[in-house]
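The values are calculated or read from the model by the stated rules, or taken from the named source; none is laboratory data. Not measured: the values here are computed from a predicted model. Neighbour counts run over all protein chains shown; Cβ positions are idealised from the backbone, glycine included. Accessible surface is based on the protein model in full, side chains and every heavy atom, while ligands, DNA and RNA are left aside. Shrake-Rupley method; radii C 1.70, N 1.55, O 1.52, S 1.80 Å.
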Amino acid sequence: MKAADRSRSHHIARRLVAAFAVILVIAFGAAVIYKTGPAEAQSDSAADIAADEFDEGERAAIEALVRNYILEHPEILPEAIERLRMKQAGEDISRIGAALTEPFPGAVLGNAQGSRTLVTFTDYACGYCRQSVADVKALIAKDDDLRVVVRELPILSQASEDAARMALAAAKQGRYAAFHDAMYASGRPDEQSIAAAAARAGLNMEKARADADGADIAREVETNRQIAAQLQVDGTPAWVAGETLLRGAVGADALREALNQIER
């Protein structure tokens, strides 16, 4: 093969590989995950690149290549979609900024002055959140620089919200961790279990009830819901470590791995 022919073949091969990535993002990432907003701009931009860079014959070859490859390797689609979700989550986390990592005063576990932060979205009626309490304790026990910011996200019931409000009232008395542990140990929240957890945490009940109905606590719960919506978090528990978003009871090892990606 002549040098000129080899150069052209290599050039076309590189363009086909690039086009494969572009088309995969368009067809199976942006279209599946995103329906509005920034994703549309990403999809349009990629489409413009493809339109500008390839003639009709090349586009036909690319489409055939992509279709055949996907049919032969359908297992790549979940991985591609998950990577796009992770990328978007990282961008969302960066955009939200300090509003995500700055806690309601006192609603912190571990070292309140720690330099590494794990954010958790939690609901006292959530069994998976209850299961994850031990994971958080294990992380704190092994890392005295860890600050765990708890964002109360009551989504399962009215009792969830009542418990969340009481937890934030406990934070005002410097008793957040005590109530947090007692409430999860009490099982599903209801009027009796919330009162029992508050008593075990040593709260001034008159003050706690008044604080729980306060505007600042109502505002905090609503802020947490808005942040969760921006991150597309619609279930608990959910976790943020650096620019990594994790969903579900992922376990201490997965959380530790995400935290280890944060630059010290």
**Request:** Apply the Karplus parameterisation 6.51 cos²θ - 1.76 cosθ + 1.60, with θ equal to phi minus 60°, to every residue of the range 196-204 and state each ³J(HN,Hα) to the nearest whole Hz, in sequence, with x for glycine and proline.
**Result:** 5, 5, 5, 5, 5, 6, x, 7, 6
**Request:** Could you state the accessible area per residue of the range 105-169 in Å², with a 1.4 Å probe and every protein chain left in place?
**Result:** 37 Å²
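Taking the highest mean first, how do the peptides 103-111, 186-194 order by number of other beta carbon atoms within 10 angstrom per residue?
On the way: 103-111: 19.2, 186-194: 16.4.
Most protected by this proxy first, the peptides run 103-111, 186-194.
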**Item:** Hz values of 3J(HN,Hα) by residue in the range 106-115 - Karplus curve (6.51, -1.76, 1.60), Gly and Pro given as x
**Value:** x, 8, 9, 10, x, 8, 4, 9, x, 8
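Which values, in whole Å and largest first, are the semi-axes of the equivalent ellipsoid of the range 135-264 obtained as the square root of 5 times each eigenvalue of the Cα gyration tensor? Don't skip to the end; give the middle numbers.
On the way: eigenvalues 138, 60, 37 Å².
For the range 135-264, the ellipsoid semi-axes come out as 26, 17, 14 Å.
If one computes P(r) from the Cα atoms of the range 211-262, what percent of pairs lie at distances over 18 Å?
On the way: 593 of 1326 pairs.
The answer is 45 percent, as a whole percent.
Given a 1.4 Å probe and every protein chain left where it sits, what share in percent of the accessible area of the range 105-153 is carbon and sulfur?
53 percent
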**Potential lengthening between Y69 and A196 on full extension [0.36 nm per residue; Cα-Cα distance subtracted]** = 39.8 nm
